[in-house]
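Colleague: Structure below; questions to follow.
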Amino acid sequence: MSVTRRVTDRTTTDDTTPQRKIPSMCQHQPPCPTADSADREAAALVAHHPEQGWSLLCNGVLLFEDTGELLPDGRVIAPHRPLGTDQVMTAA
Ligand SMILES: [Zn+2]
């Protein structure tokens with residue numbers, strides 16, 4: 001009995017493709033710089049929340065409006081806005 005097989009053939013790949021909206025692979029051209037790159041802020045914005053003061057870049061970097069950054073591996077980059085004041089930010 002191979003009736004069930006014929007039924008599954010009719011189903012489209014919509015149900016079986018395990019595609020999720022995880023920005024793990026950059027699909028921009030040219031590709032965005034990685035989170036480890038010094039150029040990381042040049043990555044494309046995938047989410048922008050000015051009311052909350054942060055943006056999410058394509059490479060997984062969280063960019064805060066004070067120019068601080070949170071890297072996908074958990075590292076924190078202190079704000080580096082060009083104010084001239086050399087403040088050292090100690091995180092926790
Ligand atoms: Zn990208």
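Colleague: Full-extension gain between MET25 and ALA47, please, as 0.36 nm times their residue separation minus the C-alpha to C-alpha distance.
Modeller: Additional length available on full extension: 6.4 nm.
Colleague: At 7 Å along the Cα-to-beta-carbon direction for both ARG81 and THR34, put a label point, then send me their distance in nm to one decimal.
Modeller: The answer from the label model is 3.1 nm.
Values in this text are rule-based calculations from the coordinates and carry no lab data. Values in this document were obtained by computation on a predicted structure and should not be read as measured data. Every residue, glycine among them, receives a Cβ derived from its backbone with ideal geometry; neighbour counts consider all protein chains shown.
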